[in-house]
Amino acid sequence: MKFGAMASEPDSFDPSRIGAAYDAMAAAYAAAHGDELDQLAMDARLVDRLGRATDGPILEVGAGVAPVARRLGSRVVAADLSRAMLGWAPVSTPRVQADARRLPFSSGAFGGAVLRDVLRHVPRATTSPRLLAEVRRVLVPGRSVLVAVHLGTGSVEFSELLGVTFEPISGAFHGADELDALLRSTGFEPVAAAERGPAHSARARHADATSSPARSPLTLRRLVARAPLGER
């Protein structure tokens with residue numbers, strides 16, 4: 001992956017560029033990451049826990065090739081900007097090409113949601129709150145969302161992944177306290193969190209999932225937050 005540091009965080013969100021980038025890498029991404037939850041023990045444990053605690057459908061936001069749907073089955077609805085990525089989802093998975101800021105679902109349609117590495121593509125100050133508020137809207141009050149981000153500070157731009165090049169897209173790191181505050185600002189209450197180190201290979205991913213590495217910009221934070229009961 002080719003990263004370039006950015007002097008400041010991008011202030012715009014270009015869904016067409018992000019979708020095109022992931023369209024270009026869809027086949028390579030599916031080959032590299034389609035079964036990643038089989039290799040990521042901590043991630044799989046949290047996804048399974050959400051599945052057991054959830055009645056009704058689960059929304060996988062920014063699903064890509066839908067690893068959560070591969071694990072939990074057809075009760076998961078996969079939503080992503082990239083049509084090509086969704087094409088690699090299991091055939092039994094309901095899938096919707098959609099911008100997560102404007103989800104085409106009714107309020108309270110889902111018993112749970114998962115956002116894995118989605119917030120890195122959106123500006124903190126503007127789009128992140130709007131996206132999380134929209135996820136909260138489609139959740140049943142009192143139900144949970146599982147969020148994953150790369151811990152760190154600042155933003156980056158990248159134009160290559162898995163050997164595929166594309167028009168540059170931006171990425172953002174998040175701090176643990178920052179993520180908690182962002183969730184609270186959009187009406188969620190963080191209830192549990194876990195961290196692991198970077199995953200460089202299938203074997204390393206499994207080892208990292210069971211260790212407690214020092215925090216680095218590639219440390220992943222998995223956090224479960226609950227939407228409150230009552231008024232939205």
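Bear in mind these aren't lab numbers, they're just calculated from the coordinates by the rules spelled out. Given the structure is predicted, the values throughout are model-derived calculations rather than measurements. Neighbour counts are summed over all protein chains in view; Cβ atoms, including those assigned to glycine, are modelled from backbone coordinates with ideal geometry.
What the table below lists for this structure:
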quantity: Centroid-to-centroid separation of region 60-127 and region 131-203 [C-alpha atoms, Å]; calculated: 13
quantity: Amide H partners (placed H, <5 Å) of residue 188, local residues excluded; calculated: none
quantity: Overall form of region 61-106 per C-alpha gyration tensor (a/c, 1.5; a/b vs b/c); calculated: oblate
quantity: Amide hydrogen neighbours beyond the local backbone of residue 96, cut-off 5 Å, H modeled; calculated: 78, 79, 80
quantity: Order of 188, 166, 173 - criterion: other Cβ atoms within 10 Å of each residue's Cβ, fewest first; calculated: 166, 173, 188
quantity: Cα gyration tensor, region 21-108 - rounded (a/c under 1.5), prolate or oblate; calculated: oblate
quantity: By average C-beta atoms within 10 angstrom, highest first, the peptides 18-29, 150-161, 110-121; calculated: 110-121, 18-29, 150-161
quantity: Cα→Cβ-extended label distance, 7 Å offset, between residue 189 and residue 97, nm; calculated: 4.0
quantity: Three-way shape call for region 89-158 based on the alpha-carbon gyration tensor, with the a/c threshold at 1.5; calculated: prolate
